[in-house]
Structure formats: structure tokens, C-alpha cells
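Working notes for the structure below.
The values are calculated or read from the model by the stated rules, or taken from the named source; none is laboratory data. Just so we're clear, the structure is a prediction, and the values are computed from it rather than from any experiment. All Cβ positions, even for glycine, are placed from backbone atoms using ideal geometry, and neighbour counts span all protein chains on display.
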Amino acid sequence: MALPFCRRVAPDMLFPATGSSASMATKIPAEKFGKCQCETHHSESILYQILNKEHGSETKWHQQNCSPRCCARSKGCPCLDRRVVLRTPEATCRRASEVLLKTSTFIRNLPSFYHMPWEDQFVLIQQNWAPLFVLGMAQEGVDFDLREIPGTSLLKKILLNQSSTAMNKLDSSSAGASFTEVQKMKNLLWKFWDLDISGKEYAYVKGIILFNSECHVLKCLPYVQSLQQEAQKALMEFISIMFHGSLSRFTSILQLITSLRDIDAEAIEELFFRPFLEEATLNVLLLETISMKPDWL
């Protein structure tokens with residue numbers, strides 16, 4: 001039996017164009033950090049010999065198995081533990097909050113979204129808010145600079161006589177977001193800006209991301225699948241008209257959408273919202289997005 005709210009809606013009603021292109025955004029080169037710690041060469045000083053004696057087996061393994069080229073891929077590489085924070089948190093977090101608000105407004109203005117059960121609405125927002133947020137950052141042309149948080153040195157670990165397990169627990173709970181995850185997000189922003197995506201395209205891409213057909217727990221999954229297909233079709237038709245039938249742009253955008261789904265939501269929350277939310281989470285804000293009355297009602 002078909003659900004009463006599972007009906008077909010015109011593409012322009014589904015995904016109204018919002019905002020302007022990020023083509024005019026000021027493009028500031030991404031900040032470069034120092035060399036990988038794995039490339040640091042130790043001198044044969046007395047201090048180094050003492051440290052090396054205490055951790056001889058660990059150092060020997062690292063020298064044999066962690067070359068500079070494989071550093072970023074090694075699970076135990078110190079580069080993967082690097083933590084970063086915003087260089088100008090007050091201004092950047094304010095802009096991030098504005099992006100989150102505009103994203104919520106976009107969702108609330110979709111009649112097709114509110115035709116679904118409340119439980120499905122929450123699942124879709126909870127699982128897709130992070131890529132939608134990054135997409136909003138791209139559309140608004142929000143760039144940001146980072147500052148690295150110094151890690152705990154090997155000497156300090158020895159002097160404090162702390163076990164490896166205790167130090168790993170301490171490092172994981174330190175402030176800041178993962179450098180690797182944040183850099184992944186910055187790279188995606190630049191790829192969107194390089195494509196010079198229009199407001200219409202952003203609207204259709206948001207629809208493709210929001211109506212995620214991979215959320216198999218949805219009560220109205222066939223309806224969501226049809227909405228995602230409608231958004232993909234609308235995007236392809238728009239690109240075909242505006243770019244003379246070229247499908248390479250459509251393929252590039254779909255690849256970026258796939259990359260957006262790999263964005264770490266915790267890294268976004270830690271970087272942009274933790275300084276103000278403190279111990280709270282974004283779940284409260286997500287619930288408010290659903291409970292707020294849509295503008296079209």
C-alpha cells in the first residue's frame with residue numbers, strides 16, 4: 001500500500017536554488033605545516049642515546065618500517081595524531097554557525113522533506129548534516145586558517161613515567177581536531193571552488209546528499225530513493241543545458257559527493273563548534289531543525 005505522502009514533486013519545488021556561487025570567494029592558499037616527524041634525523045647525542053636505550057625496540061621498529069613515503073599510511077605514524085585548532089576561532093566559528101543556520105533553513109523549506117515520518121527526518125539529518133555543512137561552507141566561500149597544537153614529546157613521556165596506554169588515552173582526549181580529517185575537508189572545499197559551482201547546482205547536490213538512499217533503516221525508503229533520483233536527474237539536465245551536454249562536470253560533482261560522505265563529523269564539531277558548545281553536542285541543534293515550523297506552512 002502506497003504511503004499518502006510518497007508522491008512525486010517537481011524538481012524546482014524539491015530543491016529551490018539558494019545562495020550564490022563561491023566563485024568570488026577569496027582564495028587563500030591552504031596553510032602548510034612542518035615536516036613529518038618521521039623525517040626528523042636524530043643526532044647521536046647523549047640524551048638521544050638515553051632515550052633510544054629506554055625505547056630501543058620501538059625506535060628500531062619505526063626506523064625499519066616507517067619510511068618518509070609510507071609515513072602517512074602507517075597506522076602508528078605520529079603525523080596521524082597531529083591536532084589543530086582554528087587560528088581565528090571567534091570569526092570563523094561565527095561564520096560556521098551562519099552556514100549551519102542556512103543549511104537548516106534550506107532543509108526546512110523542502111516540502112518533500114516534511115512529507116516523511118519524523119523518525120526518517122531525524123535519521124537523514126543526523127547522518128548527513130556533516131557533508132551538508134561542508135557543502136554550505138563551499139557555497140558561502142568560507143576558508144579558514146589552522147594552528148597546530150604541540151604534541152607530548154618522548155622526553156616528557158619518560159620523565160612523567162607514563163605508560164604507552166595512558167599516553168595514548170591522554171593524546172586522544174586532547175583539544176583540537178585531527179589534522180588529517182581537517183585537511184581532507186579543506187581539499188574538498190578547494191575542489192568545489194575550482195569547479196565554480198552555481199547556486200542551482202548547489203541546491204541539487206544538497207538534495208542528493210540529504211535524501212541518502214543508503215539509509216536502509218528509513219520507513220519511507222522508496223520515497224527517499226525517488227527523491228534522490230529526481231535530484232540527480234535535475235542536476236544532470238541542468239549541466240547538460242548550461243554546459244552543452246558535457247557529462248564530465250556531472251561525473252566530477254558525483255565524485256565530490258562521494259568524498260563528502262567520508263568527512264568526519266566529529267572533526268567538524270570539534271573544530272567549529274566545541275569552543276562554544278563545550279560539552280554539548282549538535283544533536284540538540286539537529287532536533288531543533290526538525291521541530292522548527294517550516295516557512296511555507
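Checking 176, 199 one by one, the residue that is out of contact with any strand residue (DSSP E or B) (no Cβ under 6 Å at 6 or more places or on another chain), closer than 28 Å to residue 86 by Cβ, in contact (Cβ under 8 Å) with a residue 60 or more places away in the chain and surrounded by 14 or more Cβ atoms within 10 Å (Cβ to Cβ) is 199 and no other. Note on region 181-282: enclosed helices (runs of 4 or more DSSP H) holding 3 or more residues that are within 18 Å of residue 136 (Cα to Cα) and small (Gly, Ala, Ser) are 199-210.
For residue 294, the criteria (1) out of contact with any Pro (no Cβ under 9 Å at 6 or more places or on another chain); (2) at pLDDT below 90; (3) in a loop (DSSP other than H, G, I, E, B) hold in every case but one, which is (1). Taking each residue of region 79-99 that is surrounded by fewer than 16 Cβ atoms within 10 Å (Cβ to Cβ) and of a type in the set (Asp, Glu) and looking for partners that are assigned to a loop (DSSP other than H, G, I, E, B) and modelled with pLDDT of 95 or more with beta-carbon atoms closer than 8 Å, six or more apart or interchain, yields nothing.
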